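Worksheet for the structure shown next.
The values are calculated or read from the model by the stated rules, or taken from the named source; none is laboratory data. Please read these numbers as outputs of a predicted model, since none were measured by experiment. A quick note on method: Cβ atoms are made from the backbone with ideal geometry, for glycine too, and the neighbour counts reach across all protein chains shown. Protein only, heavy atoms only, side chains kept; ligands, DNA and RNA dropped before computing areas. Shrake-Rupley method; radii C 1.70, N 1.55, O 1.52, S 1.80 Å.
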Amino acid sequence: AGIGKCVATDLARRNARTILACRSRERGQAAVEEIRAATGNPAVVLRLLDTGSLASVRAFASAVLREESRLDVLVNNAGVTGLPFAITSEGLERTFATNYLGPFLLTNLLLG
């Protein structure tokens, strides 16, 4: 939703293979279908990613490196705000993990 969906739509309009990295399979797939319909680009795909989980970030990066021949643009747009204090299963504060640590790790893993 929001800025991320707008950026993905614009990239798809430019005929780019576009990977939507989403926490929710249902919402992500709905966005994929909407973007495909709006742009006519069938190369819009969904991959699951929770930037609040470093294990999820590592799995996502590994799959991208294995399945994609190249990555030209990375848009880190995940973020949460206003959530009650919580600790992830990896022992990290949830908001910090989601907004900072996960995107930082993802970027570094995809640098090659």
Could you list all residues from region 22-43 that are more than 16 Å from residue 4 (Cβ to Cβ) and crowded, with 18+ Cβ neighbours inside 10 Å? 41
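Identify the residue in region 6-21 that is over 21 Å from residue 52 (Cβ atoms) and aliphatic (A, V, I, L, M) and, among all such residues, is most open to solvent (accessible area, probe 1.4 Å). Reasoning before the result, please.
So the first thing to find is which residues in region 6-21 are over 21 Å from residue 52 (Cβ atoms), and the list is 6, 9-18.
Checking the rest, the ones that are also aliphatic (A, V, I, L, M) come to 11-12, 16.
Values: 11: 53, 12: 2, 16: 32 Å².
Once the filter is applied, the top-ranked residue is 11.
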Condition (residue is outside the structural domain of residue 103 (by the TED database), touching a helix residue (DSSP H, G or I) at 6+ places or on another chain (Cβ under 9 Å) and within 15 Å of residue 6 (Cβ to Cβ)) applied to region 44-51: is it met by at least one residue? yes
Residue check: is residue 59 open to solvent by 40 Å² or more (accessible area, probe 1.4 Å) and either among the polar types (S, T, N, Q) or under 17 Å from residue 3 (Cα atoms) (or both)? no
Out of all the residues in region 77-110, which are modelled with pLDDT of 95 or more, under 23 Å from residue 4 (Cα atoms) and open to solvent by 70 Å² or more (accessible area, probe 1.4 Å)? 94, 96, 100, 104, 108
Of these, 9, 51, 98, which one is β-branched (Val, Ile, Thr) and under 17 Å from residue 110 (Cβ atoms)? 51
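Does residue 38 fit the bill of being touching a helix residue (DSSP H, G or I) at 6+ places or on another chain (Cβ under 8 Å) and more than 16 Å from residue 23 (Cα to Cα)?
On the way: touching a helix residue (DSSP H, G or I) at 6+ places or on another chain (Cβ under 8 Å): yes; more than 16 Å from residue 23 (Cα to Cα): yes.
So residue 38 passes the test.
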Cβ pairs under 6 Å, 6+ apart, first in region 4-20 and in the same structural domain as residue 31 (by the TED database), second at pLDDT below 95 and of a type outside the set (A, V, I, L, M, F, W, C): 4/77
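Answer yes or no: is there a residue in region 34-48 that is small (Gly, Ala, Ser), in contact (Cβ under 8 Å) with a residue 24 or more places away in the chain, in contact with a strand residue (DSSP E or B) (Cβ under 8 Å, 6 or more places away or on another chain) and within 27 Å of residue 112 (Cα to Cα).
Start the filter on region 34-48 by keeping residues that are small (Gly, Ala, Ser), which leaves 37-38, 40, 43.
This time we only want the ones that are in contact (Cβ under 8 Å) with a residue 24 or more places away in the chain, so: 38, 43.
Applying the additional criterion that residues be in contact with a strand residue (DSSP E or B) (Cβ under 8 Å, 6 or more places away or on another chain) yields 43.
Imposing the further condition that a residue be within 27 Å of residue 112 (Cα to Cα) reduces the set to 43.
Yes, that holds for at least one residue.
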